[in-house]
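> Structure provided below as structure tokens; questions to follow.
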Amino acid sequence: MGRVARARTLRSRESARAEDLDRGRRRTGLLLALPAAVLVGGLVVFPIAEATYYSFTSWNGETAHFVGLSSYSQLLFHTTAIRQIFQNNLSVVLSIPAGLFFALTAAFLTSLRVPGWRPFRFVVFLPVALSWVVIGIVFSNFLTPGQGIDSLLSGIGLHSLALDWLGSTHTALPALLATFNWALFGINTVIFMTGLASIPPEVVEAARVDGAGFFKILRHIVMPLLGRFVRLAFLVTMISGFSGMFGLIYVMTAGGPGFSTTTLEFQIYQSAFTLGNFGQAAALGIFLLLIMLAVTFVINMIGRRKAADLW
Amino acid sequence: MVTATLPDVLEHKGGAAGPGRARSSLAGRHLVASITLLVIGVALLYPLIDVVIASFRTQGTGPFTLQYWRAVFQQIPVWHQLGMSALVTGCSVAGVLVVSVPAGYAYAKLSFRGAKIVFAVTIACMMIPVESMIIPEYSNLAKVGLVGSVLGTVLVFIGLGIPLSVFLMASYFNSLPDALVESGLVDGAGHLRIFLSVMLPLAIPAIVTIGVLEFLAVWNDLLIALLFLPIQSQTIAVGLAALQGNHILNTYVLVAGSVLSAIPPMIVYMLFQRHLVAGLTMGVHR
């Protein structure tokens, strides 16, 4: 009887201590997480909720009237400017594979560890440290008629290609996108280098023992295993192109000539801060968010299906 | 290199081809690869070098001159703008670190009620484009008088910087063994004490990584500073962007100014290249 009672008090003392510790852990956890949670809640989550609401109103920054889906329907069906803007965003996406192809080539050559790969990696990754303002100012100069690219092209006898790259509606977007992909080249190369380093050498060795040649190994082993890195690089570039290119556009073309280099992201700024149409800007913002979520989802689905085929 | 890497294996030609021929074809292939890298490297740097050299020549093509570089200091308030960039960047980096590191630890090691859902919402915020929330943000901060102030600007940067930082810190703390916490508890230390004196020193590499990422994001930003700082007191990025394209200044003065503005991030890049690569490949976002 006495022994049982003692055991019981021991156990309850132990469980009391465990409970204390548990409470301490929960309290400390809450304390440490609270400031970040409050700041994100107030400065990111709440504004997004507001933006969603305002996208159904006509809002000039002060008064908001409920207008239902009219901002959205305007976006989808009306002005030719909007259609141009969507096409520009599509062009951003379509320019990405070319950039990724060069980055993949560079990563592959770098991972062969040939002489000079270290300085190469340093140079290639360098634009990561440069702002869009710096890159934009440099490339605006480089692309100005009579300067950089002109003298280069004339030097190799291509006078006919010496154009006013940023001044014409036909060439401004390609020039902007070339600059954009130039800036992301380094990040993508590094992502692919990480991918190449993650491939287990045994797998490649086994294929070689089975008699597979260099290109066969490249095509059937290296590329499939790189799949998820290609997806990551594509997503990173797309996110940057859709929602991180504002500075480059602002500096290089300010969205023009006309709407030829205005993307959705840039139009949000224009709608709100030069046209004062905050309601439409909010609708565009929500629309941009939805597009990005959809693309991310689709790319992940493609990845999953490919992986399933592989196994 | 200690372990065999993919390229080692790819290159290790043996047997049939014969060692001599394999080696020479390998050397040949290496030479081709090296030259290709050189060509790509030069092509990448060419625009930068070309424009920077032009900024030292009269009208971009004439004889050597320092006039544009002198003009930067006379025509643009670069020192004031660099000071603003340093102030805003310093405060934002400090703010993000102070709130994100403890939060990352809490989500990784100190589960509390609701932790999972709050963490998920925080992470989801990484996907939100700045432009989607910046307009209500602007009007909210305007209502409390924080538009046109350093405090308001820094707050916006902190809010935007937290999701990625918390995510990276949480995954780093997750990789540290729970046994560290348990042995601390056995020694009678409380959770706060364990975090401060055991875990925090171990997390320094990750802290440096998120510090560097945040530094580059804020120093190089245009939109937030443009909207939230007072017009007469801007960061160097906004100062330069505002002058670009209005033809008040010679473009080579702007080039000189941008080179100047790129020096601090370049130094950070050179010092912390390894941390930067680690951070960018862990959870990429820019």
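Residues checked against (1) in a helix (DSSP H, G or I); (2) within 14 Å of another protein chain (Cβ to nearest Cβ); (3) under 22 Å from residue A:267 (Cα atoms):
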| position | (1), (2), (3) |
| --- | --- |
| A:42 | yes, yes, no |
| A:52 | yes, yes, yes |
| A:83 | yes, no, yes |
| A:86 | yes, no, yes |
| A:91 | yes, no, yes |
| A:108 | yes, yes, no |
| A:128 | yes, yes, no |
| A:140 | yes, yes, yes |
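> Evaluate region A:131-154: report whether one residue or more is more than 19 Å from residue B:54 (Cβ to Cβ) and at pLDDT 80 or above.
Scanning region A:131-154, I find at least one residue that is more than 19 Å from residue B:54 (Cβ to Cβ) and at pLDDT 80 or above, so the answer is yes.
> Please go through region B:156-176 and pick out each residue that is closer than 12 Å to residue B:122 by Cβ and free of Cβ contacts under 8 Å to residues at least 60 places away in the same chain.
Those that are closer than 12 Å to residue B:122 by Cβ and free of Cβ contacts under 8 Å to residues at least 60 places away in the same chain: B:159, B:163.
> If you don't mind, there's one more thing I want to ask. List the number of the failed condition for residue B:153; all other conditions in (1) touching a Gly at 6+ places or on another chain (Cβ under 9 Å); (2) away from chain A (no Cβ under 11 Å); (3) modelled with pLDDT of 90 or more hold.
For residue B:153, the failing item is (1).
Table: residues versus (1) surrounded by fewer than 18 Cβ atoms within 10 Å (Cβ to Cβ); (2) in contact (Cβ under 8 Å) with a residue 24 or more places away in the chain; (3) on the phi > 0 side of the Ramachandran plot.
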site: A:63; (1), (2), (3): yes, no, no
site: A:66; (1), (2), (3): yes, no, no
site: A:83; (1), (2), (3): yes, no, no
site: A:94; (1), (2), (3): yes, no, no
site: A:108; (1), (2), (3): no, yes, no
site: A:120; (1), (2), (3): no, no, no
site: A:128; (1), (2), (3): no, yes, no
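> Let me ask you something else. Going through region B:218-242 one residue at a time, which ones are at the interface with chain A (Cβ under 9 Å from one of its Cβ atoms) and open to solvent by 30 Å² or more (accessible area, probe 1.4 Å)?
B:226, the sole residue that qualifies.
> Can you tell me how many residues in region B:44-60 are open to solvent by 50 Å² or more (accessible area, probe 1.4 Å) and either in contact with a helix residue (DSSP H, G or I) (Cβ under 7 Å, 6 or more places away or on another chain) or part of a helix (DSSP H, G or I) (or both)?
Final tally of qualifying residues: 4.
> Related question: Does region B:125-139 contain at least one residue that is more than 7 Å from every other protein chain (Cβ to nearest Cβ) and free of Cβ contacts under 8 Å to residues at least 12 places away in the same chain?
no
> Here's something else I'd like to know. Would you check which residues across region B:66-118 are of a type in the set (Ser, Thr, Tyr) and either over 20 Å from residue A:43 (Cβ atoms) or within 11 Å of chain A (Cβ to nearest Cβ) (or both) and list them?
B:68, B:85, B:100, B:105, B:107, B:111
Let's see how each residue does on (1) among the β-branched types (Val, Ile, Thr); (2) open to solvent by 20 Å² or more (accessible area, probe 1.4 Å):
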position	(1), (2)
B:77	no, yes
B:80	no, yes
B:86	no, yes
B:89	yes, no
B:113	no, yes
B:132	no, no
B:136	no, no
B:141	no, no
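> Next question, about the same structure. Report yes if some residue within region B:159-167 is of a type outside the set (Phe, Trp, Tyr) and farther than 28 Å from residue A:45 by Cβ; otherwise report no.
No: region B:159-167 contains no residue that is of a type outside the set (Phe, Trp, Tyr) and farther than 28 Å from residue A:45 by Cβ.
> Could you list, ordered by first residue, the pairs with Cβ atoms under 8 Å in which the first is in region B:92-115 and free of Cβ contacts under 8 Å to residues at least 24 places away in the same chain and the second is basic (Lys, Arg) and in a helix (DSSP H, G or I), at least 6 apart or interchain?
What qualifies is B:111/A:25; B:111/A:26; B:112/A:25; B:112/A:26; B:112/A:27; B:113/A:26.
> Check residue B:180 against each of (1) closer than 22 Å to residue B:230 by Cα; (2) without any contact (Cβ under 8 Å) to a residue 24 or more places away in the chain and name the one condition it does not meet.
(1)
> Residues in region A:52-61: is at least one crowded, with 16+ Cβ neighbours inside 10 Å, outside the structural domain of residue A:248 (by TED's automatic domain parsing), of a type outside the set (Phe, Trp, Tyr) and modelled with pLDDT of 85 or more?
Yes, region A:52-61 contains at least one residue that is crowded, with 16+ Cβ neighbours inside 10 Å, outside the structural domain of residue A:248 (by TED's automatic domain parsing), of a type outside the set (Phe, Trp, Tyr) and modelled with pLDDT of 85 or more.
> Filter region A:224-271 for residues that are at positive phi and among the β-branched types (Val, Ile, Thr) and give the result.
Matches in region A:224-271: none.
> Does region A:172-182 contain any residue that is assigned by TED's automatic domain parsing to the domain that holds residue A:260, farther than 28 Å from residue A:251 by Cα, within 31 Å of the chain's Cα centre (by Cα) and open to solvent by 10 Å² or more (accessible area, probe 1.4 Å)?
no
> On to the next question. Condition check: part of a helix (DSSP H, G or I) and either at negative phi or touching a residue at least 12 places away in the same chain (Cβ under 8 Å) (or both). Does residue A:134 satisfy that?
Criteria met by residue A:134.
The values are calculated or read from the model by the stated rules, or taken from the named source; none is laboratory data. Since this is a predicted model, take the numbers as computed values, not measurements. Reconstructed Cβ throughout: ideal geometry from the backbone, glycine too, with neighbour counts over all protein chains shown. Protein only, heavy atoms only, side chains kept; ligands, DNA and RNA dropped before computing areas. Shrake-Rupley method; radii C 1.70, N 1.55, O 1.52, S 1.80 Å.
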